[in-house]
Amino acid sequence: MKGRFAFVNPNQEGQADGVKSLHLALALPAFFGCFSAEAASSATTFLVNGTAIDPGSGKVTPNAVIAIDGDHITSVAEGDPSKPRKGENVIDAQGKFILPGYIDTHVHFFQSGDLYTRPDVVDLNSIRSYKDEIAWINDHLRDTFERYIQCGITSVVDVGGPTTNFRLRKLANSIEKAPRIAVAGPLISSVSRPQLELNGDAPIVKIDTPEQGVQLVQKLAKQSPDFIKIWYVVTPENPLDKFRPIVHAVIAESHRLKLRVAVHATELETARASVEEGADLLVHSVTDKLVDESFVRLLNERKTILTPTLVVFERYGRTFANKLELTAEEKAWGDPEVIASLDVTKLPSDNVPERVKSALENPQAVLDRIQQTYEIALKNLKTLHDAGVTIATGTDAGNIGTIHGPAIFREFQLMHEAGLTPMQILACSTVNAAQVFGGTTGSQLGAIAPGKLADFVVL
């Protein structure tokens with residue numbers, strides 16, 4: 001393993017407006033480099049002169065001297081960095097803050113974030129085939145990885161995609177300019193999405209019986225997934241109770257095999273059923289109604305983690321209505337091809353999907369629906385956080401308009417609008433998110449402390 005360091009340039013154009021102190025972490029200026037501490041290095045590396053912030057404990061260490069041997073932190077102390085350290089590597093962080101690397105706990109690398117990446121939502125195959133879209137994604141994977149590092153995101157969790165996700169994890173964890181990646185395989189789903197199947201490798205697999213669900217879990221277990229993912233989509237044709245026996249069987253078999261389960265459930269009763277059946281992670285906020293006391297108590301009793309993914313709730317609608325407002329960070333560090341594709345006014349007039357056409361005709365109705373969603377989702381986030389539920393930052397990056405890498409800064413803004421403080425948001429993005437990453441690696445992420453991996457953001 002390697003330590004991941006990301007350094008920032010406070011004077012580069014394109015940075016968002018921010019205020020001093022911890023708010024800087026919510027409006028990051030541009031990164032100009034990254035550094036990996038090789039485990040084979042014989043010399044100790046010292047990161048000195050900066051102010052170290054450990055969000056989990058709230059501890060702030062001015063004039064920090066952080067010692068790194070190989071890829072792990074060995075000590076953190078306040079000290080005099082001016083003393084000569086012969087034969088040692090010294091990195092000067094004068095005037096900067098040092099934070100644990102951010103962790104985005106909800107991304108999808110089989111999606112690019114562009115307008116063509118979800119033909120099941122808007123079919124634009126006549127302009128760009130889905131086969132060509134996937135080829136583009138694969139050709140740009142290394143660039144996408146680098147964009148996460150640029151944004152200070154040193155670890156991510158891909159919570160569902162085709163079986164190629166397992167090769168992607170191996171690739172990312174073997175190269176320097178890439179975040180650490182935990183993955184789930186294909187989503188075990190209540191609904192079908194045949195438009196996304198390519199070469200027999202579907203990212204979403206409809207399951208009709210508990211037996212089918214158990215068989216798929218057993219098949220995926222051979223790939224050592226970090227999660228089993230359930231897509232618990234409720235529709236009039238697929239009511240909550242119809243799929244629940246499958247959810248029960250999938251979670252029971254996953255837990256028997258020592259695998260954690262993440263569940264997509266955006267309605268209160270669907271989320272409640274998921275947690276009652278043993279879900280370890282809810283990958284979205286509840287958006288249909290305000291959470292009640294029994295639900296809050298259930299999450300705390302079961303120690304279920306929730307990832308809000310607030311940013312994704314606005315991005316489809318705003319994109320289709322031509323009302324997308326990207327942050328300064330997204331404009332600066334998002335993939336320019338992806339961003340250019342999101343201008344729906346450039347679509348040929350005879351190729352505008354009905355969903356886009358409807359949004360363009362009545363954009364205010366789209367914005368009103370987004371506002372209604374946020375009135376519920378933001379209140380629910382504040383309620384759950386205040387009650388002690390573990391909240392982990394995640395974006396659902398890769399969906400249309402949700403940009404790989406810098407989407408996290410819009411997520412920070414929305415979490416702040418919900419009422420979380422900067423330090424609380426940092427904790428959600430580091431120490432809490434490390435719990436989602438899980439395993440031996442996850443236990444070494446999310447904090448600036450001896451024994452932890454040397455994953456830093458320096459800004």
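Structure values in brief
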quantity: Point-to-point label distance, Arg302-Thr345, nm (Cα→Cβ direction, 7 Å offset); calculated: 4.6 nm
quantity: Separation in nanometres of the label points that stand 7 Å from Cα toward Cβ, at Glu354 and Gln212; calculated: 2.6 nm
quantity: Order by protection proxy (mean Cβ within 10 Å, highest first), peptides 123-135, 407-419; calculated: 407-419, 123-135
quantity: Among Val338, Asn322, Val312 - extreme Cα towards positive end, dipole of the stretch 296-352, charges at beta-carbon; calculated: Val312
quantity: Sites Glu337 and Lys379, calculated FRET efficiency, Cβ-Cβ separation with R0 41 Å, nearest 0.05; calculated: 0.65
quantity: Extension gain, Val90 back to Ile127 (0.36 nm per residue minus Cα-Cα distance, nm); calculated: 8.1 nm
quantity: The stretch 200-311 - charge dipole about Cα centre, Lys and Arg +1 at Cβ, Asp and Glu -1, debye rounded to 20; calculated: 420 debye
quantity: Of all DSSP beta bridges in the stretch 147-264, antiparallel share, percent nearest 5; calculated: 5 percent
quantity: For the chain, size of Cβ-based charge dipole, Lys and Arg +1, Asp and Glu -1, in debye; calculated: 900 debye
quantity: Top positive-direction residue, dipole computed over the stretch 348-454 with Cβ charges, set Ala434, Ile403, Leu360; calculated: Ala434
quantity: Among (i) 24.6; (ii) 22.5; (iii) 25.4, the entry derived from the coordinates for Kirkwood radius over Cα pairs in Å; calculated: (ii)
quantity: Rounded to whole Hz, the Karplus (6.51, -1.76, 1.60) HN-Hα couplings of the stretch 175-183, x for glycine and proline; calculated: 10, 6, 8, 7, x, 5, 10, 9, 9
quantity: Label point distance in nm, His140-Leu367, each placed 7 Å from Cα along Cα→Cβ; calculated: 2.8 nm
quantity: Estimated FRET transfer efficiency (Thr440, Lys219; beta-carbon r; R0 22 Å; 0.05); calculated: 0.35
quantity: The chain: DSSP helices with Cα axial extent of at least 15 Å and average Kyte-Doolittle hydropathy no lower than -1.0; calculated: 210-221, 240-256, 363-386, 407-417
quantity: DSSP bridge orientation in the chain - percent antiparallel, rounded to nearest 5; calculated: 40 percent
quantity: Contact order normalised by residue count of the chain, Cα under 8 Å, 6+ apart, percent; calculated: 23 percent
quantity: Full-stretch length increase - Asn238, Asp386 - with 0.36 nm per residue and alpha-carbon distance subtracted; calculated: 49.9 nm
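Every number here is computed from the coordinates shown, using simple stated rules; none is lab data. Keep in mind it's a predicted model, so treat the numbers as computed, not measured. All Cβ positions, glycine included, derive from the backbone under ideal geometry; neighbour counts span all protein chains shown.
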